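Colleague: Okay, handing you the structure first.
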Amino acid sequence: MTDLNNSNDGEEKKQKSSHQHDSDTPALSEEQAWDRFLDEYSEDLQDVEKSRTAKKFDKHAAKQEKKAMLSVDDLKQDSFVNASGPRDFTNSSWLDTDDVMDRGSVFTPPNPDLGKIRWSRLVCGILLVVGVVGVIATTFLPAYATVLGVIFGICVLVGAGGLFVTHRGHDETKTSEEDDGARV
């Protein structure tokens, strides 16, 4: 019979002798062992450092570092409900807006009165809405699409044109020449 030859026999003998040599040396400190490791594997570590995976990891780590610098959990409870709000000096939290507004403030709600609506604008608005809805509904009636499309298209044009012509601009709310229209 043939003997099985161990092709790794030389390496095993080297490893055994190096292990025996390691046991002969005194115990290394952690720092010395780390330096020795870096010296032995410096080429491999440089290859890893230059790899695409390492570059991707560095980019990902940089994004994560920028992402969340401050969390809600990092804030104290006093940040939300302390003795006074940010702009009022009534010793209330800025989260209690409804309560503050109900304390007899001088706030006056806006007057939603649109005034007198002119019939011409009302008719033009109705024509515009009917035209748009009609054009959309015409897609469901392909047999009558040409006739209905023309009728509802004219409604859209007349309605939009009428609203454009009757629009007077935003000068209706100005009280004087210096009034720029800004309201608080």
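Colleague: Run the simple label-point estimate for K55 and L38 please: 7 Å along Cα→C-beta, distance reported in nm.
Modeller: 2.5
Colleague: If R0 is 22 Å, what FRET efficiency do you get for V129 and V165 from their C-beta distance, rounded to 0.05?
Modeller: On the way: r = 17 Å, r/R0 = 0.79.
Computed FRET efficiency for V129 and V165 comes out at 0.80.
Colleague: Another question, if that's okay. As an exercise, use a Förster radius of 35 Å and the Cβ-Cβ distance of D98 and S71 to find the FRET efficiency, rounded to the nearest 0.05. The partial results should precede the final answer.
Modeller: Values: r = 28 Å, r/R0 = 0.80.
Computed FRET efficiency for D98 and S71 comes out at 0.80.
Colleague: Using the heavy atoms of the protein chains alone and a 1.4 angstrom probe, what is the accessible area of the range 31-71 per residue in square angstrom?
Modeller: Values: 4230 Å² over 41 residues.
It amounts to 103 Å² per residue over the range 31-71.
Colleague: Identify, among A61, V48, W34, the residue whose Cα sits farthest towards the positive end of the charge dipole of the range 31-71, taking +1 on the Cβ of Lys and Arg and -1 on the Cβ of Asp and Glu, with the dipole about the Cα centre.
Modeller: Checking the options against the dipole of the range 31-71, the answer is A61.
Colleague: What FRET efficiency do you get for D179 and I154 if R0 is 45 Å and r is their Cβ-Cβ distance, rounded to the nearest 0.05?
Modeller: Values: r = 40 Å, r/R0 = 0.89.
It comes out at approximately 0.65.
Colleague: Something else now. Take the solvent-accessible surface of the protein heavy atoms, probe 1.4 Å, and return the percent of it on the range 31-71 that carbon and sulfur atoms account for.
Modeller: Working: 2260 of 4230 Å².
It is 53 percent, rounded to a whole number.
The values are calculated or read from the model by the stated rules, or taken from the named source; none is laboratory data. In this text, all values refer to a predicted model and were calculated from it rather than measured experimentally. We place every Cβ from the backbone using ideal geometry, glycine too, and count neighbours over all the protein chains shown. The accessibility values were calculated without ligands, DNA or RNA, using every heavy atom of the protein model including side chains. Shrake-Rupley method; radii C 1.70, N 1.55, O 1.52, S 1.80 Å.
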